[in-house]
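Before any comments, here is the structure.
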Amino acid sequence: MSELKVNSISPTSGTVGVKFNSPVGINTNASTSGLQISGKLNVIDNNLEVVTVSGANYGLRIKAPPAGGDAVLQFADFNGNSRSTISSNSSGDLIFSPGGVTAGVMTSSGTFNMFNKTFFNNQVNFKGNALFEKQTTFSQNAIPTTSGVPYLDEHLVNLLYLKRFVLGTTTLKTWSVFGSIDNNGRQGCCSYFNGVGNINGANTAQKAYNDSLPGKWLCIGFSYGVRSCSCHDNESYHFPIDNSAVWQINDSSVRATIGTYLGSIYNAFGFLIRIGAGTI
């Protein structure tokens, strides 16, 4: 064994550099091939290029310690102070930790978990199901649009669905009551007449006046009274509108709530718009 002590190694004239034939060991015994270094290797004011080994499918490999800890790639400032790390644990998870805080983990199965706010500054395409477990806030300058046709209450409604399905007989109902709030009919002038709120009237089919409606409904109502009565020309009454109101019905009926908003009425009519969940 021999030892060579030099201050510098320079190429011979006409050559482009100095060539060391492997194996070479620095501060350690040489491996079977290549260059093996024991200690710190600093590459200063230069680039480090790594060529992917085609047979091994990697170019730069960072090994975990023998105890089985994480394999860590650390980014630091000029003085060596850590800025952020990318590490891989024994389960094969890829862990992203900027500033020493775990911000995201890509699991070994490919699931990417983000633990803080995520900003998408351009178009994002979700080709699977996007699950939102908390509130999602959209900027007023970026109102979401939908192209599918919702069929459940919790689906995001689009204009096509609103026009084709929402404004139908199950969500828009008319109602009226004639004679009094309990639909006793008109008496004392010519004869007795049933209003449409009567058991023989159309409201029975729509369940819009006496019946309790499930869910939340917006009720718009108008009331009017008798002004005159003439049997000669079959004129029952003149009816300028006396009062009007808008109120919300929650799992109740028009009959149960009308007195609170229209007061003492003789005749009333209006319509209902379903605005909340409930079984129709």
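What follows is calculated from the coordinates using simple rules that are stated; it is not laboratory data. Owing to the predicted nature of the structure, the values given are computational and were not obtained by experimental measurement. As a convention, Cβ positions derive from the backbone with ideal geometry for all residues, glycine included, and neighbour counts pool all protein chains shown.
So which lysines pass the test for K63, namely a Cα distance under 20 Å, with those fewer than 8 places away in the same chain ruled out?
K40
Give me, ordered by chain and number, the residues 5 or more places off A208 or on other chains with an amide H under 5 Å from its own placed amide H.
The list, which skips near neighbours in sequence, is empty: none.
How high is the FRET efficiency from I143 to N42, r the C-beta distance, R0 45 Å, rounded to 0.05? Please report the intermediate quantities before stating the final value.
Numbers: r = 54 Å, r/R0 = 1.19.
Once rounded, the FRET efficiency stands at 0.25.
With a cut-off of 8 Å between alpha carbons and a minimum separation of six or more residues, what is the relative contact order of segment 1-115 in percent?
Details: 139 pairs, mean separation 10.6, N = 115.
Taking the mean separation of contacting Cα pairs over the length of segment 1-115, I get 9 percent.
Sort 47-56, 259-268 by the packing proxy (mean of other Cβ within 10 Å over each peptide's residues), most packed first. Show your work: numbers first, answer last.
Numbers: 47-56: 7.7, 259-268: 16.2.
Highest mean packing first, the order is 259-268, 47-56.
Give, in nm to one decimal, the length gained when the segment between N57 and T102 is fully stretched (0.36 nm per residue of separation minus the Cα-Cα distance). Walk me through the numbers on the way to the answer.
Working: separation 45, 0.36 × 45 = 16.20 nm, distance 2.79 nm.
Residue separation times 0.36 nm, minus the Cα-Cα distance, leaves 13.4 nm.
Taking the Cα-to-Cβ direction at N89 and at T32 and moving 7 Å from each Cα, how far apart do the two end points lie in nm?
Those two pseudo-labels are separated by 3.5 nm.
Expected output is a single nm value to one decimal: the length gained when fully extending between L73 and S212, i.e. 0.36 nm times separation in residues minus the C-alpha distance. What is it? It would help to have the intermediate numbers written out before the result.
Values: separation 139, 0.36 × 139 = 50.04 nm, distance 6.61 nm.
Stretched out fully, the L73 to S212 stretch lengthens by 43.4 nm.
Among F119, F222, F138, rank each residue by its count of other Cβ atoms within 10 Å, from fewest to most, as a rough exposure measure. Please list the in-between numbers first.
Values: F119 4, F222 18, F138 8.
The order, fewest Cβ neighbours first, is F119, F138, F222.
Tell me, in nm to one decimal, what length is gained between I273 and T118 on full extension, where the rule is 0.36 nm per residue of separation less the Cα-Cα distance?
Working: separation 155, 0.36 × 155 = 55.80 nm, distance 3.85 nm.
Stretched fully, the I273-T118 segment lengthens by 52.0 nm.
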